[in-house]
Amino acid sequence: MRQGAPQICTGSALSWLVPALSLGIVLTSVSAVPAQENAGRELLVAFQSQLQDVIAAAEKSVVSIHVTSVAGGPRIVDPFGSGRTDRADRSGSSPGAPYGTGVVIARGRGDRDRFVLTNYHVLSGTRRLEPEALGRQRIRVSLATRDEVPAEVVAADPRSDLAVLRLRLDGTGIIPADVPPLRLGDGSNVRKGQIVIALGNPYAIARDGSASASVGIVSNISRRPVVPTSEDEGDLPSIHEYGTLLHLDTRLQLGGSGGALLDLDGQFIGLTTSLAAVRGYEKSVGYAIPFDDGFRRIIETLLEGYEVEYGFLGISLGRSLTDLTPSERRVAGQAGGARVMHVAADSPADESGLRTGDLILQVDGRRVYNDSDLLREVGLVAPGTEVLLTVLARRTQRRARIPVRLGKWPVPDDRGIIATRERYPKWRGVEVDYPTGRRRFLPDDWLTRYLRGVVVVSVAEGSPAARAGLKAGDFVAVVNNQRVETPAGFLEAVAEADEATLQLLDGQTVTVPARSDGTD
């Protein structure tokens, strides 16, 4: 095989031949086949040429990722500023070490920075990735040119199993044009039976930067293959547990995570994941995270270095499908929905008029058949966003449309979340979040009563806020007689204040003076 050529995998990669064979198209000698079969062969040859062209163009934007540990290192990556480039053969990479795949992306046209989108578990394995561990990691990325460059983590989100790295090209002699970003498509319109191409690094055989290729079809959509996590074990619940993934018939072995899923035009429509194989189940199938609106938002957030936030209604759910009465089924016009069992007082759901017993049928026009569908559709929307719910009201037994401005889904344990930038800047030493932003600060009855205010997440030692007596876990409801319920609202209320009087939910009043240097 030509050095550097994409490696075409066999097995399920030949699944595209099935429809061709069913039409009586057989690959035989041209001289021995009638004109109809020769036309069929030409069709297959043209299809093969299209595949080769798509792979040749896209593989330039697919990279191999190799993660090793460096004892005691204070940096995320190994900074060797010698101006040379190391080759993969010299890096000590081995199939026994953590490895995976990544896709080159950029923030927009003209952006000279190059980033790599990959799976969170490529960096962490099956464990949680903690900020203090980053200093003991060395991340190396092998490009399609066979150059190897260091990378650093920009942000990583265990709930979506996504992470973004920045390639450190300075001093390598590599220019951004040598590392083209992948052409982005639309994963929201993927259909069952659609032919797709996967590029990746299975079993680290592509660790020299030459991506291996396979071809298959989309077997199903909105799948939920991941074994549910347990918050009692400190794991963050995965959004994929609620049915986000594309099911592929192309097998994705270990190392295939973070690879590119392409349509026949060579556009990026999903990120492949072999997490099922990592966890030891469903080894014969592959999955991909679709590049749709919900995950586009998540990826854009990671590119900016922020924590990814998820939407929250403030309701408890009960059985969905089996609870529909025949009359509800007729009015709903669909086989299921998400039954509201309880609405937290003062929550976004309560403020919108949702009531116990209501049946949620749609979120922004997307049908909801069960609780998982609702959790997925709401979770993929950012806090502060208004969504339109279609509801079968229990009291009237009529369909209604209800706008809801979402809160933030509580994070049970934020130690695995990596963010290199603060979404909400500190004010006089205090960092705030949505009232439900961190589970550890919520009372036991948080699903009964929604706290109207913002929660203090941290207070810098010796800051004006610390000297005033503010501490982590305090809930601020009013700033200078102005009610605040979001971090943005809090920052707006204190923006022009020399001295700020904060009223806490527990009845205390705290006055925070200006900094002595006049800054915030």
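The values are calculated or read from the model by the stated rules, or taken from the named source; none is laboratory data. All values reported here derive from a predicted model rather than from experimental measurement. When we count neighbours, we look across all protein chains shown, and the Cβ atoms used for this are built from the backbone with ideal geometry, even at glycine. The area values use the complete protein model at the heavy-atom level, side chains included, leaving out ligands, DNA and RNA. Shrake-Rupley method; radii C 1.70, N 1.55, O 1.52, S 1.80 Å.
Overview of values
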quantity	calculated
Net charge over other residues, Cβ less than 15 angstrom from the Cβ of I175 (K, R count +1; D, E count -1)	-1
Area of R483 that stays accessible when all protein chains are in place (1.4 Å probe, Å², to 10)	130 Å²
The stretch 388-405 - phi-based ³J(HN,Hα) in whole Hz, Karplus 6.51/-1.76/1.60, Gly and Pro as x	10, 8, 9, 10, 9, 6, 5, 6, 9, 6, 10, 6, 9, 10, 10, x, 9, 9
The stretch 429-520, accessible surface, carbon-and-sulfur percent (1.4 angstrom probe)	43 percent
Estimated FRET transfer efficiency when R0 is 56 angstrom, pair A495-E37 (beta carbons, to 0.05)	0.15
Highest average packing first - 331-338, 506-513, Cβ atoms within 10 Å	331-338, 506-513
Rh by Kirkwood over Cα pairs, then Stokes-Einstein D for the stretch 383-489 at 1.306 mPa s and 10 °C, µm²/s	100 µm²/s
Estimated inter-spin distance, K192 and R415, nm [label 7 Å along Cα→Cβ]	4.3 nm
Intensity falloff of the stretch 309-388 expressed as log10 I(q)/I(0), Debye formula with alpha-carbon point scatterers, at q = 0.11, 0.15, 0.17 Å⁻¹	-0.26, -0.49, -0.63
Nearest-0.05 FRET efficiency for R398 and N480, computed from C-beta distance (R0 35 Å)	0.20
Inter-probe distance in nm under a simple model that places probes 7 Å from Cα toward Cβ, at R112 and R329	6.4 nm
FRET efficiency for A56 and S222, using Cβ-Cβ distance with R0 set to 22 Å, rounded to 0.05	0.10
Karplus-derived 3J(HN,Hα), 6.51/-1.76/1.60, for each residue of the stretch 498-509, Hz, glycine and proline x	6, 10, 10, 9, 10, 9, 8, 5, 7, x, 6, 10
Net +/- balance of residues flanking R330 in space, Cβ distance below 13 Å, scoring K and R +1, D and E -1	+2
Sequence of L359, L505 when ordered by accessible area, the most exposed leading, probe 1.4 angstrom	L505, L359
